[in-house]
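A short worksheet on the structure shown next.
Just so it is clear, none of the values below were taken in a lab; they were calculated from the coordinates. Every value quoted in this text rests on a predicted model; they were computed, and no experiment measured them. Cβ placement follows ideal geometry from the backbone for every residue including glycine, while neighbour counts extend to all protein chains displayed.
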Amino acid sequence: MVFSAIFVSTIDLLFFMIYIAYSPSYHHPLPEGHRFPMDKYTGIPIQLIKEKTFTSHNFFEPQLEGDQLALLVHSLEYMRKLKNKELTKTEERRLGFPLNNGLLRREELIVAGTTQAAILAMENGVGFNVAGGTHHAHRDYGEGYCIYNDIAVASQYLLNTNELKQILVVDLDVHQGNGTASIFANDDRVFTFSMHCENNFPLRKSKSNLDIPLDHLTSDSEYLQILQKELPKLIDKVKPDFIFFQSGVDILTNDTLGMLNVTKKGCADRDRIVLEIAHKHQIPITASMGGGYASNIEDIIDAHCNTYRIAKEIYS
């Protein structure tokens, strides 16, 4: 498939309901044997178009200046060290990726994609980024495959430009959203909610506004029961004007880094709960894909695609 064909102009976007940020640069070359599943970033749009869930016109390439956006939440010193390749070996290992110009361009496009998807969601109810969910990036350092924090950047952008009073971050990746929590620790306008495996990365967790740590091998019934109980209460308490959804699929039972026992159906039911409550309360929502490390790349792609399939069903 030729991905240059899936980019459309801003005028074209006006004719469609669900908009999805994607760039070929989301797929970044890594050393042979690297465990990060980069192929999912081409696999997701290919699958969604192949099965006719969406057409090429639903996808757009990020256009905003990602490096300028990143400065909304990340320190100038951290960004200078990245651009000048001045990280120590320990700091670079902490990122999980070899640092180079191509990687930085990828990360800039990701923060631009989530920000533009959020702008479109403000107008249309829902938006997506094929990549993103980089919730381990802190204000002045990155870790766990996260260099810039796209959810934090897009949240700050909306607060700065759209006069929103309250944002809710619903982080359902298997790993705690420690970077997002730390960035907004002193900003009551962003409520961070993280439901994650307790004894898993990161070792040192930040304090979210609401953390729900889960035991190893938590299964569908318990997982979904907790979410169905807590999320409506949060909506009533926080009264968000916007929701950012970190929809990582590393909660799956066959995920190599997950340690939970959620089936693919359970993961899809999770997405339905979040998207339905956003739709019911008319709260715009943007989803970033987050993690997924199953040994079979097709399982990762299919689980991510379920998020899009459910969104189309609800929002069409």
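A few remarks follow.
- Within the same chain, aspartates and glutamates fewer than 8 places from Lys81 are excluded, and of the rest, those with a Cα less than 20 Å from its Cα are Glu65, Asp67, Glu91, Glu92, Glu107, Glu108, Asp140, Glu143, Asp150.
- Working note: 222 nm ellipticity from helices only, DSSP H runs with n ≥ 4, each -39,500 (n - 2.57), summed and divided by the residues of the chain, gives -13000 deg cm²/dmol to the nearest 500.
- Order of Arg204, Arg94 under a 10 Å beta carbon neighbour criterion, fewest first: Arg204, Arg94
- Using R0 = 30 Å, the C-beta based FRET efficiency linking Glu123 and Asn101 works out to 0.35.
- Entries of Lys205/Lys264; Lys233/Lys264; Lys239/Lys265; Lys207/Lys229; Lys239/Lys280 with Cα pairs more than 24 Å apart: Lys205/Lys264; Lys233/Lys264; Lys239/Lys265
- Whole-Å distance, taken between Cα centres, linking the range 28-44 and the range 59-104: 18
- Magnitude of the charge dipole for the chain, about its Cα centre and with charges confined to Cβ atoms of Lys, Arg (+1) and Asp, Glu (-1), is about 160 debye.
- Applying the criteria of a DSSP loop state and at most 12 other Cβ atoms within 10 Å to the chymotrypsin sites (Phe, Trp or Tyr not before Pro) of the range 135-179 yields no site.
- Listed residues Ile147, Ile167, Ile235, most fluctuating in the chain (Gaussian network, C-alpha, under 10 Å): Ile235
- Anisotropy class of the chain from Cα gyration tensor, a/c 1.5 cut: rounded
- Candidates per GluC sites (Glu not before Pro) in the range 16-98, loop by DSSP, up to 14 other Cβ within 10 Å: Glu32, Glu51, Glu65, Glu86
- Here the extension length gained between Ser75 and Gln225 equals 50.1 nm, from 0.36 nm per residue of separation less the Cα-Cα distance.
- Computed on the chain, with alpha-carbon pairs under 8 angstrom and 6+ residues apart, the relative contact order is 18 percent.
- The loop-placed chymotrypsin sites (Phe, Trp or Tyr not before Pro) in the range 179-279, going by DSSP, include none that has at most 14 neighbouring Cβ atoms within 10 Å of its Cβ.
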